[in-house]
Amino acid sequence: MLERITEFLNALGIAAPDRRGWVTVILTFLIAVLAAWLFNPAVRRISLRAGWADRPNARRLNKEPLPNAGGLAIFAAVIVALVIATLIDPIGLPPRLVEVLAILLGGAILILTGFIDDQYGLPPVLRLLVQIVAALLLVSVDIRIDVEFGGSFSSAIGIILTVIWIVAITNVVNFLDGVDGLAGGVSFITAMSLLAVSAQDQAKAAATLLLAALGGAALGFLRHNFPPSRIIMGDSGAYFFGFVLAASSILGDLKITTLFGLFPTVFFMLLPFLIPMGDTIRVIFRRLLQRKNPLSSPGKDHLHHRLLAHGFSQARTTLILWGLTLVTNVVAMYVQEMSWAVMVATSIAIILFLTVIVLFRWRAHRKELRRSAAVQVAGDP
């Protein structure tokens with residue numbers, strides 16, 4: 001049995017399948033799914049008691065207050081999964097422990113910033129400064145885009161590109177969080193696609209483990225967030241997803257040797273985020289032309305809002321954008337010269353996982369409706 005599994009993993013190009021590191025990756029993923037699945041209801045109850053909720057406004061689609069501290073449960077699920085998996089088999093983590101801890105620390109800083117912003121509001125400039133500090137934290141432990149052109153300016157160019165990349169993806173994911181299930185699903189699809197690529201290289205084992213935890217947490221969260229959602233991730237969760245995805249994509253040996261080499265590398269890095277980033281850029285320019293602050297001006301001018309305006313439900317809008325995201329991620333894997341076996345296996349796994357989680361959410365929603373109806377009937381005179 002193990003020999004057949006090893007042969008299958010070899011066919012997918014998985015690095016060192018005979019060392020059973022893949023078992024740790026799968027275990028990390030499953031623990032994160034279970035932890036997020038279990039933690040979110042508890043966080044929802046605490047949020048309702050504490051008043052941590054998004055009120056209906058020009059940007060949100062909810063008609064009543066919705067708990068917005070899901071990011072806390074997501075962060076806790078990632079930490080629990082990584083700790084347990086590391087205790088069992090710390091594949092690739094010891095040499096990269098400082099980098100992984102820096103990513104988690106930067107993520108924690110953004111979780112806290114997003115949480116405070118969700119509950120009390122923070123100026124856009126302050127949020128941006130915190131994001132830059134978190135990005136520089138990564139640079140300080142050598143998680144950066146390594147540029148080998150530009151002479152004496154190569155280090156500065158690499159730092160600037162790294163900060164731009166981290167801050168941009170952090171905000172792109174945050175802008176996505178306007179429809180139930182969208183940001184979580186896009187984060188899951190992207191994490192799984194990046195995992196499929198990083199798993200080909202044993203030197204990127206730490207990134208693989210981190211992405212497994214992140215993808216699992218996103219999937220477990222979707223059990224409660226797919227429309228109609230019971231809880232949303234808030235800015236805290238969106239910042240965390242964006243930051244960790246951006247950091248994981250450059251954790252390892254990402255070198256750009258020439259100015260010309262910058263373009264295919266950037267193209268590959270952008271592809272998984274092509275749809276949300278293109279939409280974000282369009283919205284930013286549109287708001288600037290209207291002389292509005294693109295970071296603080298609320299509105300319903302994103303692609304998902306346009307789909308809703310054309311009569312699509314939240315669930316259908318989310319599914320459409322999940323599909324587009326999967327396509328761009330497959331293209332990104334193709335550009336990275338992944339085999340067809342890897343692309344097909346990754347796509348099937350993503351579709352199956354999302355299908356199962358959506359069915360679980362719909363089944364739970366039907367039970368919620370029946371309980372609500374029963375309570376209403378019991379309360380009638």
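Is it fair to say GLY51 is modelled with pLDDT under 95, at positive phi and surrounded by fewer than 21 Cβ atoms within 10 Å (Cβ to Cβ)?
yes
In segment 332-349, what count of residues is obtained for those that are under 20 Å from the mean Cα position of the chain (by Cα) and either modelled with pLDDT of 85 or more or not in a helix (DSSP H, G or I) (or both)?
Result for segment 332-349: 5.
Can you confirm whether segment 145-155 contains a residue that is more than 22 Å from ARG55 (Cα to Cα), among the hydroxyl-bearing types (Ser, Thr, Tyr) and touching a residue at least 60 places away in the same chain (Cβ under 8 Å)?
No - not one qualifying residue is present in segment 145-155.
Look at GLY114 and say whether it is surrounded by 21 or more Cβ atoms within 10 Å (Cβ to Cβ) and either within 21 Å of SER249 (Cβ to Cβ) or modelled with pLDDT under 95 (or both).
Judged against the criteria, GLY114 is a match.
Looking at (1) touching an Asp or Glu at 6+ places or on another chain (Cβ under 7 Å); (2) surrounded by fewer than 16 Cβ atoms within 10 Å (Cβ to Cβ), find the lone condition where PRO94 falls short.
Here PRO94 meets the rest and fails (1).
The values are calculated or read from the model by the stated rules, or taken from the named source; none is laboratory data. Being a predicted model, the structure only gives us computed values, none of them experimental. Counting neighbours? That spans all protein chains shown, and the Cβs are built from the backbone with ideal geometry, glycine included.
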